[in-house]
Amino acid sequence: MEVEPARRDAAVLDPELLQLPELAPGALRENSIIADALYSQWLVLPETAKLVKSLIEDAKAGTTLNVAGTSASTNAASSSSLPSMFPAGSAPPLSPRSTSGSPRVMRRGSGAGPSSLGSPLKLVSEPVREVIPQFYFKNGRPPPKDLKEQCLSRIDHLFFGGEGLQIQEFRSVTKDICKLPSFFSSVLFKKIDIACTGTVSRDAFVEYWINDNKITMDMASQIFEILRKPGYNYLTQDDFKPVLKELLATHPGLEFLQGTPEFQERYAETVIYRIFYSINRSGNGHLTLRELKRGNLIAALQQLDEEEDINKVLRYFSYEHFYVIYCKFWELDTDHDFLIDKENLIRYGNHSLTYRIVDRIFTQIPRKFTSMTEGKMGYEDFVYFILSEEDKSSEPSLEYWFKCIDLDGNGILTKNEMQFFYEEQLHRMECMAQEPVLFEDILCQMIDMIGPENESYFTLRDLKRCKLSGNIFNILFNLNKFMAFETRDPFLIRQVIITLHKVLDSLPSINLNKILFTAGT
């Protein structure tokens, strides 16, 4: 048996060797027999017997147990606490410690004193708790104290008298305190005045704007929270109608529409359609906070509140843009039933579109029509079409026309798919006595223009990487724009560049190459 030599070795051990300050943590666990023998040897020591007897007497007397041990072990007990693995009052006593006679201690020198490692029982140390400040707040980050006090001071000034404010007086609160565009005043007022009393009190406004932490949100989040319906995590087109209604009633650039309610309604619809066309990238009519933040609507709203000329706000709100869109639709809608069919749309742009692309649009593959009439396009559908047709460089436009050309819907435009649409272009050029451009030649030109990852097909990613992608679609189905692209005068462009060089020769601080590169992109 291998146990007997181990027991004999343990029996002759010096008791001082029981203090093993430099013992490896896993040594005792790997040799359980030796550990048991050491523990038995420790139990028969006189100091241990005295300690156990003292603990028993204290337990009988009902006094608090003291596991400090002898005076020699008191320092060790005070310098290191027992591991938390033992229940209160049931921890084993620490072994007695001596500062002389132990070979391990003597090797350290006479002035070293006891080992700083303490008892081998203290192998598990409690981890240091790192306090991480709260970074997520369900209802938004609370405002700093100084910001809150400053805001309350301005609120007290505007709500002087304590009787509350009516909707006409609330605009100053919206603009000065909330820092929102003034035409959000009515929507914000009704959001706070849930009971429809016609008055917003100071306490009600403080509760909504400060206590609900609206003050610390960015403007996109504030507008999203004001417009969205309770229980919804997205905005719909109807949520923007109250804002457009107040804009039409208050903006100086739209005063001339006061006497024409019908055109006011059409203008508001067009603006909303343009917003969702550009920002609602999912195309499901549900505008999320993420989409609102990624778009440029907030900047346009801020500009709109500062600019009196509505036509200078080119993003979404220009009345001239609305006028062109609406007049184009009215011109095509010959029977004025506010619906257009294939024959109506084929006349768009002086018959610039091919029949094949018009048929593809009316399959509703690029976008499902919102009109409830079979085979006819409504005004909203036309707005999406004309925005895609007139600016083919935007991402919504590229996605719209990509779906039209991608006949099998596999996410790539092959040579056969592009040739199918170009065949009608080629036939029309021959009918107009124009010199035809063979598809093989035009395909090489398109590949050079786009630089696709794989020259055998185009992907949507290829088109989005290139600033000239819109010309691809003009080549395939818009004859007028294709001819204008083919007949562009390179000599005229060169002359313009030479003239520009001469004009800017006296301005050495201007980097002409940078200007030309920016203009080209």
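The values are calculated or read from the model by the stated rules, or taken from the named source; none is laboratory data. Predicted, not measured: the structure shown is a model, and the values here were computed from it. In this analysis, Cβ positions are derived from the backbone assuming ideal geometry, glycine residues included, and neighbour counts consider all displayed protein chains. Note: areas computed on protein heavy atoms with side chains; ligands, DNA, RNA excluded. Shrake-Rupley method; radii C 1.70, N 1.55, O 1.52, S 1.80 Å.
Annotations for the structure displayed:
- Each 10 Å bin from zero holds the following percent of Cα-Cα pairs in region 262-360: 14, 34, 34, 17, 1.
- Charge sum, other residues only, whose C-beta stays under 10 Å from G253's C-beta, Lys/Arg counted +1 and Asp/Glu -1: -3
- Cα-based radius of gyration of region 189-287 once divided by 2.2 N^0.38 Å, which approximates compact folds: 1.25
- In sequence order, region 379-389 has phi-based couplings of 5, 4, 4, 5, 4, 5, 5, 5, 5, 6, 6 Hz under the Karplus curve 6.51 cos²θ - 1.76 cosθ + 1.60, θ = phi - 60°, and Gly or Pro positions carry x.
- Magnitude of the charge dipole, region 325-379, Cβ model with Lys/Arg +1 and Asp/Glu -1, debye to 20: 340
- Here the accessible area is traced with a 1.4 Å probe on the protein chains. For region 269-389, carbon and sulfur cover 49 percent of it.
- Basic side chains Lys and Arg get +1 at the Cβ, acidic Asp and Glu get -1 at the Cβ, and with that the dipole of region 149-276 about its Cα centre reaches some 260 debye.
- For region 302-434, the Cα-based Rg and Dmax, in that order, read 16.9, 53 Å.
- Residues in region 34-44 carry Karplus couplings, in order, of 5, 4, 5, 5, 5, 5, 5, 5, 5, 5, 8 Hz; the curve used is 6.51 cos²θ - 1.76 cosθ + 1.60 with θ = phi - 60°, and Gly or Pro positions show x.
- 3J(HN,Hα) from dihedral phi, region 312-317, Karplus parametrisation 6.51/-1.76/1.60, rounded to Hz, x for glycine, proline: 7, 8, 5, 7, 6, 9
- √(5λ) per eigenvalue of the Cα gyration tensor, region 369-488, largest first, Å: 24, 19, 14
- Sequence-distant residues sharing a close amide H with L235 (under 5 Å, placed H): L287, T288
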